[in-house]
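Report on one structure; see the data block that follows.
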Amino acid sequence: MSIAKKEYKRVTVKSLVDMKKNGEKISMLTAYDYSMAKIVDAAQVDVILVGDSASNVMAGHETTLPITLDQMIYHASSVIRAIDRALVVVDLPFGSYQSDPKEALRSAIRIMKESGAHAVKLEGGAEIKESVKRILAAGIPVMGHLGLTPQSIYKFGTYTVRAKEEEEAEKLMDDAKLLEKLGCFGLVLEKIPAKLTKKVSEKLTIPTIGIGGGKHADGQVLVVHDLLGMTHEFNPRFLRRYMNLYEEMGNAISNYVSDVKSQDFPNDDEQY
Ligand code: KIV
């Protein structure tokens, strides 16, 4: 269905709530560095997430747990230097907010001050209520993240769909309502049944952004390396690949190697 889109010269947290009200779906994509963020922003993506998935795709860790606050600030400041339009949200990494609300606020302030980001994202519901309150009270916009929360992967044990059972679905709905009541401006719903995403999205006035949450979310988010097919070993059902960059880049680089070896590169026109 095509919706007449309002022009947003700069996307703000308020624009996202407006988009939901107007029935315009929100596009969100990760970026972790300047060059990629330039492309993503120029393509009019509404929200750029400097996700702690940088731990996987940029640093090669198995989980998101090892990435540090300093490393997130480094990625976020590179992204901020690239953007003209998108709202930039930065993940508070594991270990930077769970122990107490004062630490959570200190971490959020460091992200905002040292990177120039526009908002932070935290994983969890009632258990992080006091931290969310404190960060919001300092004037920092907060996005929530429920469902599959990768920072808790060792508690879950697997990356399978969450909240399929009634009890977990009810807790997720309660957490979603709580995060909205506290003042979060949006909510990521990761890998939950489409029906539950629909229920939550209809209940809340703030936008929901799905990843593996189905078509009823108010927006969608993907990891940019997955969308472009730079990663190729990760094939969840929710992922639509728009390119096969793994193959295309590999071919381009092999061609370069053979041109160097055969002395075809550089040629007479490619030298001074
Ligand atoms: O870190 C990340 O990329 C995320 C998305 C999966 C939502 O949190």
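The values are calculated or read from the model by the stated rules, or taken from the named source; none is laboratory data. Fair warning: this is a prediction, and the values are worked out from it, not measured in the lab. Counting neighbours? That spans all protein chains shown, and the Cβs are built from the backbone with ideal geometry, glycine included.
Within the stretch 28-47, being within 16 Å of the chain's Cα centre (by Cα) and assigned to a loop (DSSP other than H, G, I, E, B) holds for 31, 32, 33, 44, 45, 46. For the stretch 134-152, check the following and say yes or no: at least one residue is surrounded by fewer than 23 Cβ atoms within 10 Å (Cβ to Cβ), over 21 Å from the mean Cα position of the chain (by Cα) and closer than 23 Å to residue 240 by Cβ. Within the stretch 134-152 (the criterion being surrounded by fewer than 23 Cβ atoms within 10 Å (Cβ to Cβ), over 21 Å from the mean Cα position of the chain (by Cα) and closer than 23 Å to residue 240 by Cβ), the answer is no, since none of the residues qualifies. For the stretch 62-105, filtering for residues that are at pLDDT 95 or above, closer than 20 Å to residue 188 by Cβ, of a type outside the set (Gly, Ala, Ser) and assigned to a loop (DSSP other than H, G, I, E, B) leaves 9. Taking the stated definitions as given, is residue 135 in contact (Cβ under 8 Å) with a residue 24 or more places away in the chain, within 21 Å of residue 16 (Cβ to Cβ), part of a helix (DSSP H, G or I) and within 16 Å of the ligand (Cβ to nearest atom)? In short, no.
Which residue, of 221, 200, is buried (at least 21 other Cβ atoms within 10 Å of the Cβ), of a type outside the set (S, T, N, Q) and not in a helix (DSSP H, G or I)?
Working: 200 fails: not in a helix (DSSP H, G or I).
Testing whether each residue is buried (at least 21 other Cβ atoms within 10 Å of the Cβ), of a type outside the set (S, T, N, Q) and not in a helix (DSSP H, G or I) leaves just 221.
The single residue among 85, 10 that is loosely packed, with under 14 Cβ neighbours inside 10 Å and either in contact (Cβ under 8 Å) with a residue 40 or more places away in the chain or under 19 Å from residue 222 (Cβ atoms) (or both) turns out to be 10. When residue 3 is tested against (1) more than 22 Å from residue 186 (Cβ to Cβ); (2) at pLDDT below 95; (3) hydrophobic (A, V, I, L, M, F, W, C), only condition (1) is not met. Considering the stretch 159-173, the residues that are within 16 Å of the ligand (Cβ to nearest atom) and out of contact with any helix residue (DSSP H, G or I) (no Cβ under 9 Å at 6 or more places or on another chain) include one that is modelled with the lowest pLDDT, namely 160.
Selection over the stretch 38-55 of residues that are within 14 Å of the ligand (Cβ to nearest atom), over 16 Å from residue 143 (Cα atoms) and among the aliphatic types (A, V, I, L, M) gives a count of 3.
Residues of the stretch 22-61 that are basic (Lys, Arg) and farther than 12 Å from residue 79 by Cβ: 25 alone.
Selection over the stretch 57-71 of residues that are in contact (Cβ under 8 Å) with a residue 40 or more places away in the chain and within 23 Å of residue 234 (Cα to Cα) gives a count of 4.
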